[in-house]
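As structure tokens, the structure follows; a few thoughts come after it.
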Amino acid sequence: MTVATTQGGGSGGTSGLYDVLELILDRGLVIDAFVRVSLVGIEILKIDIRVVVASVDTYLRFAEACNRLDLETGNKKPSGLTDIVGDSLESGARGKTKGALSGAAETISDAFKQARQEGQTSSRRRTSSRKEEQE
Amino acid sequence: MSTYVYGIADADHTGLPEGMEGVGSPATTVRVVTGAGLAAVVGDAPEGLRPKRRDLLAHQNVLAEAGAAGTVLPMRFGSVAEDDAAVVAALEEHAEHYKERLSALQDRVEYNVKAQHDEEGVLRTVMADHDDLRELAARNRAAGGGSHEDKLRLGEAVARCVQQRESEDAEVVRAALAPHADAVNPGPESSGWIANLSFLVDRKTSEQLLQAVEELRQQLPHVVLTVNGPLPPYSFVEQTPSASSAAS
């Protein structure tokens, strides 16, 4: 589904905010004569995903996942495998968490939550609203 | 009282959201300050303003509202001038530059596209593409899962291929979408994405970009694409007006 999130406010704007946070905080016009409010606690945005990918935990998880994948696809030849890939991705692409990616995403959510100093919305809820948006 | 600045527009912009609720709790009211043929969308700066969710949203919503009715140069969140007079002074000092940017960005909006790998999808793709990985996996399975070292070896090899695939797919996404935009700007570094790209497009032809995104989704089912827009052109305002006005 192509649903471009329009930033017109309301609940749609809230879930979209997470995805454009770095633009609002890091892009846009800066005028030297003006001061900027403190953004302490927001720097954590710059964590690199590769730190998360290149870890023993990830290796083990990938190994496990690949084992499962092969079990599902049985002894099919590589060409057959590709067909199955196409089918199962229909649902797979809309799957739940993004695995390695979600770890970092939650780190951001946590940082964001800290920065807000207000517990109106939990990071979990924000993550799920993003999922809904993609479905 | 210091002044919070949301953005800058032409003085003849007729749809500026005066009276709208802005940043702060309780919300401050959006005002317009004019000078040198320009209009700044401003409000009173709340005491102790911090990048809280509600304030970020307010900043974004005010700009979205102003941007829907005409071109506006969005300020980065949290810009505060000493007072309204300081805003007018800034408008006057760099008036030519702002007018040039407003004219360059007329009818242009930003679309931000983020690409993520669906983990299971990319693992399948990588396994399908690499005989050696399938062999490693088969050997592990035959050995009842394999030793800790075997698993690490497989996992590391898979991770390497996944990373390579990340850069390849990022390039495919960029190459497919760039032809539909006037300009492309990589988003600020942030985690969780294999690609984070901002596209500057004509408001009237943005459908072409969205169509290209849809085609990419078909072409790369293991890539999850998130589109946000139309946005004010955050990534396409020049950030050093002083450098530009020094050159002119």
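The values are calculated or read from the model by the stated rules, or taken from the named source; none is laboratory data. Predicted, not measured: the structure shown is a model, and the values here were computed from it. As a convention, Cβ positions derive from the backbone with ideal geometry for all residues, glycine included, and neighbour counts pool all protein chains shown. Surface areas here come from the heavy atoms of the whole protein model, side chains and all, with no ligands, DNA or RNA. Shrake-Rupley method; radii C 1.70, N 1.55, O 1.52, S 1.80 Å.
Assorted remarks:
- Protein-only accessible surface order, largest first, of A:32, B:107 at 1.4 Å: A:32, B:107
- Area of residue A:18 that stays accessible when all protein chains are in place (1.4 Å probe, Å², to 10): 20
- Shown are B:204, B:151, whose ranking by accessible area with a 1.4 Å probe and every protein chain present, most to least, is B:204, B:151.
- Taking all protein chains as shown and a probe of 1.4 angstrom, residue B:184 keeps an accessible surface of around 40 Å².
- Amide H to amide H, with H built 1.01 Å from N, residue B:224 comes under 5 Å of B:116, B:117, B:118, counting only residues 5 or more places away or on other chains.
- Put simply, the amide H of residue B:7, placed in the peptide plane, has neighbours under 5 Å in B:41, B:75, leaving out anything fewer than 5 places away on its chain.
- For the range B:3-105, a crude dipole built from +1 on the beta carbon of Lys and Arg and -1 on the beta carbon of Asp and Glu, taken about the Cα centre, is about 540 debye to the nearest 20.
- Computed from backbone phi with θ = phi - 60° and the Karplus coefficients 6.51, -1.76 and 1.60, the 3J(HN,Hα) list for the range B:111-117 is 10, 9, 10, 10, 10, 10, 8 Hz; x is used for glycine and proline.
- Less than 5 angstrom separates the built amide H of residue B:78 from none of the residues sequence-distant by 5 or more or on a different chain.
- Note on residue B:31: accessible area is roughly 70 Å² with a 1.4 Å probe, heavy atoms of protein only.
- Residue B:175 paired with residue B:27, simple spin-label distance in nm, labels 7 Å along Cα-to-beta-carbon: 4.6
- Accessible surface, 1.4 Å probe, highest first, among residues B:99, B:114: B:99, B:114
- Counts of other chain beta carbons within 10 angstrom of each beta carbon in peptide B:107-119 average 4.
- Average partner coverage of B:160-171, which counts Cβ from other chains inside 10 Å: 1
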